[in-house]
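Read the figures in this text as sums done on the coordinates, not as results from a lab. Here the structure is a predicted model, which is why all the values come from computation and not from measurement. With ideal geometry, Cβ positions are generated from the backbone for all residues, glycine too; neighbour counts draw on all protein chains shown.
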Amino acid sequence: MSIRGQYTTYYLQIIFMLLISVSSFATEQTAQSPPSDPTNQPFELPPLLVDPFSYVDEERDYLSSKFVTLTRSIDSFFADDRNYQESNNSLVQLDLVRVAGYGGDRKFVLSGRAKLDLPSTQKRFHLLLETNPDKNVTGEAMQNQTTPVNKVVAPESYSAAVRYEKSKELAQPWFVSSDLGVKFQGIHANPFARARGSYAVPINEWRLKAAETVFWFNTLGAGETTQLDVERILSEPMLFRATSNATWLNDKQNFDLRQDFSVYQNLNERSALLYQASMVGVSNPQWQLNEYVALMQYRYRLHKQWVFLEVSPQVHFPKAANFKANPALYLRLEMLLDRSN
């Protein structure tokens, strides 16, 4: 072997021995180093870079929860139609109503409705019992809602229906339900159908909630109601709500329109106030306002959680009276039974 070959072999032996030494040293150091050594951990992006919208989501969830808690509390206390439509609990509501003054006939009218869970259906199916179901969807039977009235409609028909609804948790902004039922009027029985969906979203200090209802009754034909609520918490016990409502009746080719501006105020655990200004109009034969209404509503819990007294002085300014003031007084005694009672 040449001298150059000998030197090459010698150098390769040295390099091989150095590699073995370095490998043994590295293995020793790895065995001795603690597993929590940050130099041995994989590089991770900061949370802000992983999800830049997480802070926005937290703010949205907080506002949504705050709005939902207050609005549900107010709507539940006032036995509002929103609470009846979207509550998953069984509920029975009986109203004894009288209107004196403008449009009132000084008669006491008893009406009611019930929403009962069907067993073993995980709150997805409910049995509905109502008086005047067709008038409820058009707003004529207003004694069940916190809206201006100048008359109460005595029960002319009764109904039973089965409702399917998609369960809604507190944090979810949507609600969907559909009803199939039969309306009884005297000896006549006629089927009807309804479906309702709503979606709510907070925007800064406001919350927008849109609701759409489609229905068919033999007395009305097909129709739909669109409602938009714009809400803002003025303070912890006070809520402002602007409600735009339009009901379309296909047979009449007409929109019934209503705009409400409301302020709800919780006085204490037994009483609350509602201040409201409303405008009522139609689209046929032309777009026009038919009435202005200003009202205050005082609601007091008389007994435990289920007996309420409501007093509402109102002033109506109808077009039929050249928009002159016509006072009215609305009285309601209510029994409201649900799982909180």
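If you wrap the tightest convex hull around every Cα atom of segment 55-338 and split its volume per residue, you get 138 Å³. Using the Cβ-Cβ distance between Val315 and Leu118 with R0 set to 30 Å, the FRET efficiency works out to roughly 0.10. Taking a sphere under 11 Å around the Cβ of Ala246 and counting the other residues whose Cβ falls inside, with K and R at +1 and D and E at -1, yields a net charge of -2.
With each pseudo-label sitting 7 Å past Cα toward Cβ, what's the Asn89-Val182 distance in nm, one decimal? That separation, rounded to one decimal, is 3.2 nm. Fewest-first ordering of Leu337, Leu302 by other beta carbons within 10 Å of each residue's beta carbon gives Leu302, Leu337.
Report, in listed order, any pair from Lys115/Lys304; Lys183/Lys304; Lys123/Lys304; Lys209/Lys304; Lys107/Lys209; Lys107/Lys183 with a Cα-Cα distance greater than 29 Å.
On the way: Lys115/Lys304 21 Å; Lys183/Lys304 34 Å; Lys123/Lys304 26 Å; Lys209/Lys304 31 Å; Lys107/Lys209 36 Å; Lys107/Lys183 25 Å.
With Cα atoms farther than 29 Å apart: Lys183/Lys304; Lys209/Lys304; Lys107/Lys209.
Calculate, for Leu329 and Met279, the FRET efficiency according to 1/(1 + (r/R0)^6) with r their C-beta to C-beta distance and R0 22 Å; round to the nearest 0.05.
Numbers: r = 21 Å, r/R0 = 0.96.
It comes out at approximately 0.55.
Here each label is just a point 7 Å from Cα along the line to Cβ, and for Leu267 and Gln286 those points are 4.5 nm apart.
Of the peptides 268-274, 226-232, 116-122, the ranking by mean beta-carbon count within 10 Å, highest at the top, reads 226-232, 268-274, 116-122.
Cβ crowding within 10 Å, taken as a proxy for footprinting-reagent exposure, orders Thr131, Thr219 from fewest neighbours to most as Thr219, Thr131. Peptides 322-330, 207-215, ordered by how many other C-beta atoms sit within 10 Å of their residues on average, highest first, read 207-215, 322-330. Ranking of Trp248, Trp287 by neighbouring Cβ atoms within 10 Å, starting from the fewest: Trp287, Trp248.
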